[in-house]
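Participant: Here it is: the structure, laid out below.
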Amino acid sequence: MSEGNSSFSKVSLNLQLAVDSTSIGTLMDCPRKYQLSIIQGYSLREESVHLTFGSLYHEALETYDRAIALGLTYDKATIRAVRKTLKRTWNKQLNRPWNSDHKEKNRYTLIRTIVWYLEQFRRDTITTIKLADGSPAVELSFRFETTYRSSWGEPFILCGHLDRLGELDGRPWIVDRKTTKYPIDQEYFAKYSPDNQMSTYDFAGRIVYNLPVAGVIVDAAQILVTLSRFERGFVPRTAAQQDEWYHNLGYWLRQMEQYAKENFWPMNLKHCNMYGGCPFRFVCGQTPEVRQKWLDVKYVKRIWDPLVVRGDI
Amino acid sequence: MTSSTSTSPLSEVRVDSIEKLFNLPPDSMSDEEVFRIVAALREDRQRFLSQPAKDTKPKKVEADLSLKLEDLGL
């Protein structure tokens with residue numbers, strides 16, 4: 001089932017050893033959703049536009065951050081980021097721009113959002129931290145062994161990607177960029193405390209880079225057809241909160257192994273209608289004997305391997 | 001998209017319609033052509049920001065969160 005995915009155990013089938021916030025978060029949502037999306041690799045065809053848009057947005061801002069760290073001016077760094085995005089959204093075979101068929105997430109709104117974001121934070125009070133080798137701390141892939149082990153003694157590995165490590169008022173923060181179609185208000189930022197992804201990033205920043213990370217700064221972009229809006233929110237974590245999160249993680253890893261041993265991934269029926277509906281609600285709503293046919297028809301296969309550098313949005 | 005005049009540190013750039021720039025193969029675009037797109041989008045943003053207050057939300061979030069940070073001694 002999980003063939004070709006290097007994050008899974010070679011000993012225990014269907015047991016993921018290298019986990020990121022997406023994997024664990026999906027398991028927390030619903031074990032059946034985890035089985036279908038992470039183990040079997042199914043995703044809705046239309047989901048790809050959000051992944052593509054998010055990846056390109058992150059790539060562009062990484063390009064900008066690196067250019068600024070190299071000493072380029074604001075304008076030249078912006079040009080470099082926009083040029084890269086223009087190239088990445090150009091279909092060379094067809095000799096025409098990428099057409100997403102999505103009214104909010106398309107080539108124009110992508111480049112507009114990049115330019116507007118850079119304008120919004122033109123005089124950014126956050127400075128990018130430089131790593132020991134002098135390179136800017138942007139788009140960092142991390143992985144490290146946890147203290148948790150499977151029944152076979154294999155270590156669980158925590159991995160993922162950080163957008164940027166920055167310093168604000170003398171303290172290091174993880175900077176994470178998000179895109180959304182929803183209003184960015186107090187309620188929007190409130191959802192990140194508690195939040196598995198933010199805690200994972202904060203924890204990784206402290207462990208991997210050995211920094212007294214204060215938490216995560218979320219630069220959120222609301223993308224609409226005619227405009228993009230931005231807000232910056234702070235998502236702090238205390239040491240006690242981190243200890244609690246790590247303890248929780250251990251519980252979920254043990255639970256994941258139990259599901260894998262039984263090869264049974266129960267449905268969390270309270271999750272089906274949340275966040276606009278689970279992408280697998282339709283399939284789970286069918287009688288079991290026809291589900292595979294629907295998976296083949298309505299979904300595409302996309303391996304989610306957290307050990308492959310850069311994957312989430 | 002926009003049609004107006006913009007001044008940039010790179011050069012005086014006439015911001016024509018950027019629609020046709022969006023349809024040019026990017027490998028053949030000069031820095032100035034890319035910057036025309038940037039300048040036009042910056043002008044779009046300025047126009048958006050100068051619209052009535054209903055489109056520009058006050059930053060309640062930062063104020064509320066700063067209280068939270070102070071509580072934690074950060």
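Participant: With a sphere of radius 12 Å drawn around the Cβ of residue A:70, what net charge do the other residues whose Cβ falls strictly inside it have (Lys, Arg +1; Asp, Glu -1)?
Facilitator: Charge balance in the 12 Å sphere: +3.
Participant: While we're on this one: Rounded to the nearest whole Å², what accessible area per residue is found for the stretch A:202-309 with the 1.4 Å probe?
Facilitator: Per-residue value: 52 Å².
Participant: Counting helices only, and only those DSSP H runs with n ≥ 4, report the 222 nm mean residue ellipticity of chain A as the sum of -39,500 (n - 2.57) divided by its residues, in deg cm²/dmol to the nearest 500.
Facilitator: Computed ellipticity for chain A at 222 nm equals -11500 deg cm²/dmol.
Participant: Carbon-plus-sulfur fraction of the accessible area of the protein assembly as shown, 1.4 Å probe, in percent?
Facilitator: Looking at the protein assembly as shown in its full context, I get 52 percent from C and S.
Participant: Against the 2.2 N^0.38 Å scaling, with N counting residues, where does the stretch A:214-275 land? I'd like the Cα-based Rg ratio to two decimal places.
Facilitator: 1.73
Participant: Per residue, what accessible area does the stretch A:38-108 have, given a 1.4 Å probe and all protein chains present, in Å²?
Facilitator: 48 Å²
Participant: Here is a follow-up. Consider just the alpha-carbon atoms of the stretch A:153-235 and return their Rg together with their Dmax, both in angstrom.
Facilitator: 14.4, 54
Participant: On to the next question. Report, as a whole number in µm² per second, the diffusion coefficient that Stokes-Einstein gives for the stretch A:80-129 at 20 °C and 1.002 mPa s using the Kirkwood radius over alpha carbon pairs.
Facilitator: 172 µm²/s
Participant: Need one word for the stretch A:123-197: rounded, prolate or oblate. Basis is the Cα gyration tensor (sqrt eigenvalues a ≥ b ≥ c); a/c below 1.5 gives rounded, then a/b vs b/c decides.
Facilitator: Note, shape of the stretch A:123-197 comes out oblate.
Participant: What net charge do the residues around residue A:267 carry, taking every other residue with its C-beta under 12 Å from that of residue A:267, with Lys and Arg at +1 and Asp and Glu at -1?
Facilitator: Once all neighbours under 12 Å are counted, the net charge is +4.
Participant: B plus A alone minus the pair: what accessible area, both sides summed, probe 1.4 Å, in Å² to 100?
Facilitator: 3400 Å²
Participant: Please say if the stretch A:257-313 is rounded, prolate or oblate, where rounded means a/c under 1.5 for a ≥ b ≥ c the square roots of the C-alpha gyration tensor eigenvalues, and otherwise the choice is prolate for a/b larger than b/c and oblate otherwise?
Facilitator: rounded
Participant: Rounded, prolate or oblate: which one fits chain A, using the alpha carbon gyration tensor with axes a ≥ b ≥ c (rounded when a/c is under 1.5, else prolate when a/b beats b/c, else oblate)?
Facilitator: Taking the square roots of the gyration eigenvalues as a ≥ b ≥ c, chain A is oblate.
Participant: I would also like to ask the following. When the gyration tensor of the stretch A:1-131 is built from Cα positions, what are the square roots of 5 times its three eigenvalues, in whole Å, from largest to smallest?
Facilitator: 34, 21, 14
Participant: Can I ask one more? Taking a 18 Å limit on the Cα-Cα distance, which of the listed pairs A:92/A:298; A:33/A:105; A:103/A:191; A:10/A:261 fall beyond it?
Facilitator: Over 18 Å apart, Cα to Cα: A:92/A:298; A:33/A:105; A:103/A:191.
Participant: Can you run the Rg to Rh ratio on the stretch A:83-179? Use alpha carbon positions and the Kirkwood inverse-distance Rh.
Facilitator: Taking Rg over the Kirkwood Rh, I get 1.12.
The values are calculated or read from the model by the stated rules, or taken from the named source; none is laboratory data. Every value quoted in this text rests on a predicted model; they were computed, and no experiment measured them. Cβ coordinates were reconstructed from backbone atoms using ideal geometry, including for glycine residues, and neighbour counts include every protein chain displayed. These area figures cover heavy atoms from the full protein model, side chains too; ligands, DNA and RNA do not enter into them. Shrake-Rupley method; radii C 1.70, N 1.55, O 1.52, S 1.80 Å.
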